[in-house]
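> What follows is a structure written as structure tokens; I'll ask about it next.
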Amino acid sequence: MPLVGLVLAGVLQAGVTFIGWQTDLLQYVGIWLMTGEFSGVIAGRYELLWIAGAAAALAWFAADQFAILGLGREAATGLGLNHAAVMRLGLLVVSVVTAMVVVSVGMVPFVGLVVPNIVARVMGDNLRASLPVVATGALRWCWPATCWRGWCAIPTRCRWAPSWASSGRSCSCGFCTGRRRVDRRIAAIALVLLAASAAYLLWGIGGNWRFVLGLRAGKLAGMLVVGAAIGVATILFQTVSQNRILTPAIMGFDALYVLLQTALVAALGVTGFALLPTGAKFAAEVTLMALAAMALFGLLLGRGAQDIARMILTGVILGILFRSLAGFLARVMDPNAFAVVQDQSFASFSRVDGALLPWASGAAVLAVMAAFRLSSRLDVMALGRPVAVSLGLRYEAMTFAALALVAVLVSVSTALVGPVTFFGLIVAGLAHSLLSSARHALLLPAASLIGGAILVIGQLVFERALGLQSALSVVVEFVGGLFFLWLLLKGRIR
């Protein structure tokens, strides 16, 4: 359920961003809706918070039931608790409190994470005694800067397990329908990509066709590079993490890119940012993001990807942290600088620099080829650490190699066109759904083709139907996020 919520949040954010873009309210949406603002509460507009207070009081009266609920379904049912009813009550309280707070003051993401953990360390698992202390601590934490009286007074002391396909026409997982059928599907995807590329290059061409063809060819090359890089990186990351609902983007590196752009604009100004050498800026962004990716991935997954929940939580928290810092810097900018930051915060294939394409393409092609050469080892790795080690695979070395390729591919694609958050999930989900195979020798080229086809078709519709009135990344994430939710809820992805 939390992962579904993350994907749904991305879909809703993409929809809000699209509406804001179309109505010229993007700056208003980014500043007012995405950041907590307590001035309205100070002015007396706090009526909705009384409803949140009533819901919190209801949670206090039912605290003992919630404490038993935290023991797990089996233990709670064994103690005579109506697990389903108490679960619905808890979700109702959470929904009401969250909705009232967000409507009244906006988003305050870290309060609900920091304060309960501090109180739990001091008060233990006594939920009825902890709730009033948590409320007091949250009040202190959220107190407006103009009314601050001191620091917080709280004392501080299908898991996915695919089968390894055997050599031959069919695999041992029971779902593969034969090598020939899979090959035909890959060929069909390649034909779709070829047709979409031809349509993108030649549709409506006229006038100075040499100039137009050269301009479109540069954009097409950028889309193919990014589509292949993100698709392959997501497949590799899901293999290492043993989870098909994860993506490198969820670890916060898209937010890190936005923070880098915001910091550069804030430090250098609009003119200084525009005068930055493109090559040096690209190299610095790729290096920094690759180093950050290797550091985080190696720390969280270098020991066999045993703790998936901690990895997700760490990535989400880092993403929130980076976005909060970027939002803080954006609030102190003038409108012109903020407009530049907003433009850099969305992936755009219209501003692909032709001088960077050879370097980005070279790095991406080398990384994809290296991943393809490791496909048989990745098949063994997908069986899980115990089985892979028993089959003679050097699991730690393979994990490091796969993560290094993920870091390179994600860094190059993001630095070239900007962040595309849920695109990798869409590509990987489609690749697994269409092929019904766990063989990386098939999944990796299929993901590359599917990623390129989605971007080319999306850009074609974007330029012809929408008239360049939004960003392709917003449209792809909105539609693709809904598709991914459908796959998840239908059980096609586990």
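> Cβ-Cβ under 9 Å, sequence separation 6+ or interchain: first residue in segment 382-400 and modelled with pLDDT of 80 or more, partner among the aromatic types (F, W, Y) and outside any helix (DSSP H, G or I). Which pairs?
A382/W160; A382/W164; L383/W164; V387/W164; L391/W164
> To continue, here is another question. For segment 354-387, how many residues meet the condition of being over 30 Å from A217 (Cα atoms) and surrounded by fewer than 22 Cβ atoms within 10 Å (Cβ to Cβ)? Break it down stepwise before answering.
Filtering segment 354-387 down to residues over 30 Å from A217 (Cα atoms) leaves 374-387.
Checking the rest, the ones that are also surrounded by fewer than 22 Cβ atoms within 10 Å (Cβ to Cβ) come to 374-377, 380, 383-387.
Result for segment 354-387: 10.
> Moving to a separate point now. Given (1) under 21 Å from the mean Cα position of the chain (by Cα); (2) at pLDDT 80 or above, where does L357 come up short, assuming only one miss?
All conditions pass for L357, except number (1).
> Cβ contacts < 6 Å: first residue closer than 18 Å to M381 by Cβ, restricted to segment 426-446; second residue of a type in the set (F, W, Y), any location; separation 6+ or different chain. Result?
Hits for this filter: L444/F372.
> So, I250, is that one modelled with pLDDT under 85, of a type in the set (V, I, T) and within 30 Å of I320 (Cα to Cα) or not?
Values: modelled with pLDDT under 85: yes; of a type in the set (V, I, T): yes; within 30 Å of I320 (Cα to Cα): yes.
So I250 fits the description; yes.
> Could you run through segment 319-349 and say how many residues are farther than 19 Å from G214 by Cβ, outside any helix (DSSP H, G or I) and either within 23 Å of the chain's Cα centre (by Cα) or small (G, A, S) (or both)?
Just the residues of segment 319-349 that are farther than 19 Å from G214 by Cβ, to begin with: 319-347.
After this cut, where a residue has to be outside any helix (DSSP H, G or I) as well, the list is 332-334, 345-347.
Now restrict to residues that are either within 23 Å of the chain's Cα centre (by Cα) or small (G, A, S) (or both): 345-347.
Number satisfying all stated conditions: 3.
> What's the number of the condition F349 fails, among (1) modelled with pLDDT of 85 or more; (2) crowded, with 23+ Cβ neighbours inside 10 Å; (3) of a type outside the set (D, E, K, R)?
Only one criterion is unmet by F349, namely (1).
> Then there is this: One residue is enough: does segment 273-283 have a residue meeting the conditions assigned to a helix (DSSP H, G or I), more than 16 Å from the chain's Cα centre (by Cα), at pLDDT below 80 and among the polar types (S, T, N, Q)?
Start the filter on segment 273-283 by keeping residues that are assigned to a helix (DSSP H, G or I), which leaves 273-274, 278-283.
In the following step, the residues that additionally are more than 16 Å from the chain's Cα centre (by Cα) were identified as 273-274, 278-283.
Those still in the list that are at pLDDT below 80 too: 278.
This time we only want the ones that are among the polar types (S, T, N, Q), so: 278.
Within segment 273-283, one or more residues are assigned to a helix (DSSP H, G or I), more than 16 Å from the chain's Cα centre (by Cα), at pLDDT below 80 and among the polar types (S, T, N, Q).
> Considering G424, G418, G451, which residue is in contact with a Pro (Cβ under 9 Å, 6 or more places away or on another chain) and under 30 Å from A199 (Cα atoms)? Break it down stepwise before answering.
Details: G418 fails: in contact with a Pro (Cβ under 9 Å, 6 or more places away or on another chain); G451 fails: in contact with a Pro (Cβ under 9 Å, 6 or more places away or on another chain).
Just one listed residue meets the conditions, G424.
The values are calculated or read from the model by the stated rules, or taken from the named source; none is laboratory data. This structure is a prediction, so every number in the text was calculated from the model and none was measured. Counting neighbours? That spans all protein chains shown, and the Cβs are built from the backbone with ideal geometry, glycine included.
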